Amino acid sequence: MPIHFNVLLVSFFMTLVSGVLLIPLLTRLKLGQVVRDDGPQTHLKKMGTPTMGGVVFLMPLAVICGYLSISYPKILSVLLATILFGMIGFIDDYLKVVLKRSKGLSSRQKMLGLLIISTGFAYYLTNIAGLEARIAVPFTDMILDFKEIPIPFIGMMIDLEWTFIPFIIFVMLATTNSVNLTDGLDGLASGVCMIIMVFFTLISMAMQNTEMIIFSSTLAGACLGFLAFNMNPARVFMGDTGSLALGGAIASVGIVMKLPLIIIIVSGICVLEALSVIIQVAVFKATGKRVFKMAPIHHHFELLGWSENRVVWTFWAATAVLCVIGLLSLQYTVI
């Protein structure tokens with residue numbers, strides 16, 4: 001059986017076991033979600049649902065990828081980045097639900113933590129791992145010689161030179177924050193990220209990148225297992241612990257595979273969520289009026305009368321379509 005299928009199944013079942021064991025513990029510790037009273041009224045019934053549930057899927061991810069890193073050590077950089085981003089989220093969640101600091105980490109504190117991790121990851125990739133400062137451009141069709149490029153890619157590669165490190169940092173900050181904003185409905189972020197990680201598994205298989213095959217399929221299986229507890233009505237929320245970790249994982253895999261631009265396409269729903277917040281804030285400050293009934297945009301659709309499940313399934317379907325577009329934007333062959 002192919003390794004990606006094996007680790008996906010193991011990760012899925014380990015996450016189910018993890019959820020069965022950890023969710024009652026989170027409930028007993030009274031780590032309940034605080035729901036905004038200015039949001040959709042249907043969300044008030046979610047008050048008290050245990051949060052910080054990102055640990056449910058991060059633990060299996062760490063165990064599986066940590067064990068396999070003995071044979072495939074290049075997994076460690078992506079795994080470590082994911083866990084560290086999750087730790088920033090964990091601190092934020094802990095301050096909110098345990099110490100009862102309603103805002104958790106301040107925006108500056110959270111961004112500083114994310115910036116430090118992003119900078120460290122960028123430095124490691126460029127100065128220690130020796131990652132070239134070249135990235136693939138989707139929807140281009142310049143044939144490259146397979147002898148020179150160690151991946152079977154048809155398309156243009158551009159060299160970012162000295163701008164590569166700032167670019168990596170920007171991608172990681174943007175992706176983590178956009179996934180964080182997407183996590184607002186039962187099963188939304190976990191389902192969207194699962195589809196994206198399946199996409200990266202397929203791309204990794206085409207590139208014959210065993211390390212990224214293992215990591216992507218493991219996280220896809222973990223997200224699928226988490227959905228068993230996170231679908232509406234959710235028994236647990238991932239919290240910033242999970243959403244920042246997932247954003248870090250998507251960004252890290254895309255960068256290591258030299259495909260950071262593809263993140264804009266396949267994570268289009270997350271991009272839309274972030275843009276809706278930026279637009280809402282900018283227009284309100286300038287005119288005092290709101291473009292959307294509420295931001296992020298998933299709440300806008302709820303206030304238009306869509307059910308929570310309808311929003312989630314529609315956004316899942318849109319992500320699947322965007323991933324197909326992403327696949328079509330990158331053509332693979334052996335020259």
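Tell me, please, whether a residue that is outside any loop (DSSP other than H, G, I, E, B) and on the phi < 0 side of the Ramachandran plot can be found in the range 290-297. Let's see the steps before the verdict.
We begin by selecting, within the range 290-297, every residue outside any loop (DSSP other than H, G, I, E, B); these are 297.
Then keep just the ones that are on the phi < 0 side of the Ramachandran plot; that gives 297.
Yes, the range 290-297 contains at least one residue that is outside any loop (DSSP other than H, G, I, E, B) and on the phi < 0 side of the Ramachandran plot.
Can you pull out the helices (runs of 4 or more DSSP H) entirely within the range 51-125 that have at least 3 residues that are surrounded by 15 or more Cβ atoms within 10 Å (Cβ to Cβ), of a type in the set (Ser, Thr, Tyr) and at positive phi?
Passing ranges: none, list empty.
Restricting to the range 182-201, and then to whatever is over 18 Å from Asn232 (Cα atoms) and over 11 Å from the mean Cα position of the chain (by Cα), can you tell me which residue is surrounded by the most Cβ atoms within 10 Å (Cβ to Cβ)?
Phe200
Exactly one condition in (1) more than 11 Å from the chain's Cα centre (by Cα); (2) part of a helix (DSSP H, G or I); (3) under 22 Å from Thr140 (Cα atoms) is false for Pro166; which is it?
So the condition that Pro166 fails would be (3).
Does any residue of the range 224-242 turn out to be modelled with pLDDT of 95 or more, of a type in the set (Asp, Glu) and touching a Leu at 6+ places or on another chain (Cβ under 6 Å)?
no
The values are calculated or read from the model by the stated rules, or taken from the named source; none is laboratory data. The structure presented is a predicted model; accordingly, all values stated were derived computationally and were not measured. A quick note on method: Cβ atoms are made from the backbone with ideal geometry, for glycine too, and the neighbour counts reach across all protein chains shown.
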